[in-house]
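The values are calculated or read from the model by the stated rules, or taken from the named source; none is laboratory data. Note that the structure is predicted; figures quoted are calculated from it, not measured. Note that we place each Cβ from the backbone using ideal geometry, even for glycine, and neighbour counts take in every protein chain shown.
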Amino acid sequence: MRTLIDGDRLAAMLSRLTGSLTEATIRFPSALYATLGVLILFILGQRIFDVKTALLGAAILATMMVYQDQALSARVDMTLCFFVTSEVALFYLLYRAVLFVNHDPSVQAQAFFLIDMFATLPL
């Protein structure tokens with residue numbers, strides 16, 4: 001079963017909104033998820049290190065040739081890359097917040113269930 005947020009369905013919805021199926025509407029979801037992936041990496045880098053290191057990491061990711069190539073192609077790779085990066089960021093943030101603040105095992109189990117649920121969204 002496919003979800004509403006994968007690249008193919010997003011491209012189909014965008015094509016329906018614009019009224020035409022063009023190369024731009026098909027490639028837009030990959031570019032969107034690539035941009036969001038760079039943003040997630042920047043935010044995670046800010047949380048772990050500082051703004052300078054976060055900007056450097058995001059700039060390195062955004063200028064990698066393989067990342068740019070996948071961002072411009074109409075494949076599912078950027079969707080999966082975005083959700084894996086988001087899952088790692090969410091895991092880190094919940095790990096820092098839940099495990100160090102709240103020692104209740106049921107709250108920890110619920111937090112990690114949410115991480116797994118978010119990780120399987122693009123599948």
Cβ-Cβ under 6 Å pairs, at least 6 apart or on other chains, the stretch 64-79 side free of Cβ contacts under 8 Å to residues at least 60 places away in the same chain and closer than 14 Å to THR35 by Cα, far side among the polar types (S, T, N, Q) and assigned to a helix (DSSP H, G or I): ALA71/SER30; ASP77/GLN70
Taking the conditions exactly as written (at negative phi, within 17 Å of the chain's Cα centre (by Cα) and assigned to a helix (DSSP H, G or I)), does LEU14 satisfy them or not? no
One residue from THR53, THR25 being modelled with pLDDT of 85 or more, crowded, with 17+ Cβ neighbours inside 10 Å and over 17 Å from the mean Cα position of the chain (by Cα): THR25
Looking at ASP116, ASP69, ASP77, ASP104 in this structure, which one is closer than 30 Å to THR22 by Cβ, of a type in the set (D, E, K, R) and at pLDDT below 90? ASP77
How many residues does the stretch 73-101 hold that are part of a helix (DSSP H, G or I) and touching a helix residue (DSSP H, G or I) at 6+ places or on another chain (Cβ under 6 Å)? 13
